[in-house]
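J.: Next up is a structure, given as C-alpha cells.
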Amino acid sequence: MHMRRIGEVEVSAIGLGGMPMSIEGRPDESRSLATLHAALDAGVTLIDTADAYHRDAGEVGHNESLIAKALATHERGGDVLVATKGGHLRPGDGSWTLDGRPEYLKRACEASLRRLGVEAIGLYQFHRPDPRVPYAESVGAIRDLLDEGKIRMAGISNANPEQIRQAQEILGGRLVSVQNQFSPAFRSSEPELELCDELGVAFLPWSPFGGISKAGELGSTYAPFARVAQEHGVSAHQVCLAWMLAKSPVVVPIPGASRPESVQDSVRAADLELSAEEIAELDAA
C-alpha cells in the first residue's frame, strides 16, 4: 500500500469511510466487521467515522463503536488512525441537524473518546459549520481539545477557503486535514483542494464516487472514467480514486464501503498509474 501523510502521521493512500455500515440500508454487524477487517488486511490505516453515523435516535456513535470492536479484534488494529467528527446530529428521523456550540463539541468529543476506547482521538474534525454559532468559537473548541491532549490532531469538514484559512490561524498552524465532498459529479471543492495543496494540509474527499454509477451509460458525462477503466482492465471506481490521487499528494480519498469486495477494489487504485493524457481527459469529463 502506498502511503501519504496527515500531519506527522503516515496513512494508507486510500482510507475507508465507515458511514455506510451504520446508516439506513446498513448490513448486519458480521458483514460490517468483515468489511473493516478486509480493509486492515489490505493495508488500510485510515478509517473515517463520526458520532452522527447512526440510524436510530438511541444509537449515537454506532459507527464509532463498530470500528472500535473491529480494531480490537484484529492484529493490525493498533496501526490505524481513526478520524472522527463532531457537530452534526441525527435525531433518528433521517434528518441531519447541527450543533457547533463549543460546550457541545467538547461533550461530543468526550463521548467519542469513551466509545473508541482511547485516551486521545487520533484525528478529530469539526463536522460542519453551524450558522447559529460563530465559526471561530466552534474551531476554538477544537483548539482547546488539542491543547488539552484529548485529540492528537485537528481537522475541519465541509469548509470553504476562508474557513480553512481561519481554522489554520485559530489552531496556530496545526490544521492537518480538510474533509469535503469531491467527486466526478461534485467538483465545487476544487478551490479547497488547491488551497490544501498550497498549505500542505491533507484533503480527504468524502463521497468520492459521485457520478461513477452512470459512467457506463451511453452518452454519460462520466463515460471517460469507464473508457479509461476498460483500457486498464479495472473498475471505474479504481480510475476515479487514481484520478484523485494524481491531483495532489495531499489527497487521501475515504471511499465508503459495506462489503469486503468494495474495499479490496478501492485499495488497488493506489497502484493504478494514469497517463497525463488520461488525467486531462478525466479532468474535462
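The values are calculated or read from the model by the stated rules, or taken from the named source; none is laboratory data. Since this is a predicted model, take the numbers as computed values, not measurements. Counting neighbours? That spans all protein chains shown, and the Cβs are built from the backbone with ideal geometry, glycine included. Calculation scope for accessible area: heavy atoms of the full protein, side chains included, ligands and nucleic acids excluded. Shrake-Rupley method; radii C 1.70, N 1.55, O 1.52, S 1.80 Å.
J.: Within a Cβ distance under 12 Å of Arg55, other residues only, what is the Lys/Arg minus Asp/Glu net charge? List each step's numbers first, then the result.
T.: Working: positive: Arg26, Arg90; negative: Glu24, Asp56, Glu59, Asp93.
So the surrounding residues net to -2.
J.: Roughly how many debye, to the nearest 20, is the charge dipole of the range 92-151 about its Cα centre, given +1 on each Lys and Arg Cβ, -1 on each Asp and Glu Cβ, and no other charges?
T.: Its charge dipole is roughly 100 debye.
J.: Right, something else. Using the Karplus curve 6.51 cos²θ - 1.76 cosθ + 1.60 with θ = phi - 60°, work out ³J(HN,Hα) for each residue of the range 265-276 in order, rounded to whole Hz, and write x for Gly and Pro.
T.: 5, 4, 5, 5, 4, 5, 9, 8, 9, 9, 6, 4
J.: Taking only C-alpha pairs under 8 Å that are 6+ residues apart, what is the relative contact order of the chain in percent?
T.: Relative contact order, the chain: 20 percent.
J.: Just the number please: accessible area per residue for the range 128-285, 1.4 Å probe, all protein chains included, in Å².
T.: 43 Å²
J.: May I pose another question? Could you work out how much longer the chain between Arg259 and Arg5 gets when fully extended? Use 0.36 nm per residue separation minus the Cα distance between them, nm to one decimal.
T.: Values: separation 254, 0.36 × 254 = 91.44 nm, distance 2.61 nm.
Working it through step by step, the gained length comes to 88.8 nm.
J.: Among all lysine pairs in the chain that are eight or more places apart or on different chains, how many have alpha carbons less than 21 angstrom apart?
T.: Numbers: Lys69/Lys85; Lys69/Lys150; Lys85/Lys106; Lys85/Lys150; Lys106/Lys150.
Going through the chain pair by pair, I get 5.
J.: Need the full-extension length gain, Ser213 to Lys106, defined as separation in residues times 0.36 nm minus the C-alpha distance. One decimal, nm. Let's see the in-between values first.
T.: On the way: separation 107, 0.36 × 107 = 38.52 nm, distance 3.86 nm.
Computed gain between Ser213 and Lys106 is 34.7 nm.
J.: Here is a further query. Can you give the helix-only mean residue ellipticity at 222 nm for the chain, where every DSSP H stretch with n ≥ 4 adds -39500 (n - 2.57) and the sum goes over all residues, rounded to the nearest 500 deg cm²/dmol?
T.: For the chain, the value works out to -12000 deg cm²/dmol.
J.: Using a cut-off of 13 Å between beta-carbons, work out the net charge of the residues near Ile6 (Lys and Arg +1, Asp and Glu -1, Ile6 not included).
T.: It works out to a net charge of +1.
J.: Ranking request for peptides 13-19, 136-142, 27-33: highest mean number of other beta-carbon atoms within 10 Å first, then the rest in descending order. Walk me through the numbers on the way to the answer.
T.: Values: 13-19: 26.6, 136-142: 20.9, 27-33: 14.4.
Ranking, from highest mean packing down: 13-19, 136-142, 27-33.
J.: Using only Cα atoms, find the angle between the long axis of helix 29-41 and the longest principal axis of the chain, and express it within 0 to 90 degrees, rounded to the nearest 10.
T.: Value to nearest ten degrees: 70.
J.: Quick one: 3J(HN,Hα) in Hz for the range 166-173, Karplus 6.51/-1.76/1.60 with θ = phi - 60°, rounded, Gly and Pro as x.
T.: So the J values, rounded to whole Hz, are 5, 5, 4, 5, 4, 7, x, x.
J.: Applying the Karplus parametrisation 6.51 cos²θ - 1.76 cosθ + 1.60 with θ = phi - 60° to the phi angles of the range 136-142, what ³J(HN,Hα) value in whole Hz is obtained for each residue in order, glycine and proline being reported as x?
T.: Each residue's phi maps through the Karplus curve to give 4, 5, 5, 5, x, 5, 5 Hz.
J.: Angle, helix 223-232 long axis vs. longest principal axis of the chain, Cα atoms, 0 to 90°, nearest 10?
T.: Approximately 70 degrees, to the nearest 10.
J.: I've got another one for you. Name the long-range amide H neighbours of Val251: under 5 Å, sequence gap of 5 or more, or other chain; modelled H, no Pro or chain starts.
T.: Amide H neighbours of Val251, under 5 Å, 5+ apart: Phe203.
J.: With a/c under 1.5 counting as rounded, go ahead and sort the range 19-109 into rounded, prolate or oblate using the C-alpha gyration tensor (a ≥ b ≥ c being the square roots of the eigenvalues; past the cut-off, prolate if a/b is larger than b/c, else oblate).
T.: Taking the square roots of the gyration eigenvalues as a ≥ b ≥ c, the range 19-109 is oblate.
J.: Under a point spin-label approximation (7 Å from Cα along Cα-to-Cβ), what is the Ala57-Asp93 distance to one decimal in nm?
T.: Using points 7 Å along Cα→Cβ, the separation is 0.9 nm.
J.: Quick one: dipole size for the chain, taken about the Cα centre, charges +1 on Lys/Arg Cβ and -1 on Asp/Glu Cβ, in debye to the nearest 20.
T.: That gives a dipole near 560 debye.
J.: Also: Let's test this: bin the Cα-Cα distances of the chain at 5 Å from zero up to the farthest pair and state each bin's percent.
T.: Binned Cα distances yield the sequence 1, 6, 13, 17, 19, 17, 14, 8, 4, 1, 0.
J.: With +1 assigned to the C-beta of every Lys and Arg and -1 to the C-beta of every Asp and Glu, and no other charges, what is the dipole magnitude of the range 1-102 about the Cα centre in debye, to the nearest 20?
T.: Details: 10 positive and 15 negative charges, 37 e Å.
With only Lys, Arg, Asp and Glu charged at Cβ, the dipole is about 180 debye.
J.: If I compute solvent accessible area with a 1.4 Å probe over the protein chains, what percent of it on the chain is carbon and sulfur?
T.: The computed percentage sits at 49.
J.: Here's a follow-up. Using a 10 Å cut-off on Cβ atoms, rank the peptides 70-76, 193-199, 154-160 from the highest mean neighbour count down. Present the calculation step by step, with values, prior to reporting the outcome.
T.: On the way: 70-76: 15.0, 193-199: 17.0, 154-160: 23.3.
Order by mean packing, descending: 154-160, 193-199, 70-76.
J.: Which number comes out as Rg/Rh for the range 133-285 once both Rg and the Kirkwood Rh are worked out on C-alpha atoms?
T.: On the way: Rg = 17.2 Å, Rh = 16.6 Å.
Taking Rg over the Kirkwood Rh, I get 1.04.
J.: Follow-up question, since we're still on this one. If the chain between Thr73 and Ile279 were fully stretched, how many nm would it gain, using 0.36 nm times the residue separation less the Cα-Cα distance?
T.: Answer, rounded to one decimal: 70.2 nm.
J.: Compute the acute angle (0 to 90°) between the alpha-carbon long axis of helix 236-247 and the principal axis of greatest extent of the alpha-carbon atoms of the chain; round to the nearest 10°.
T.: 70 degrees
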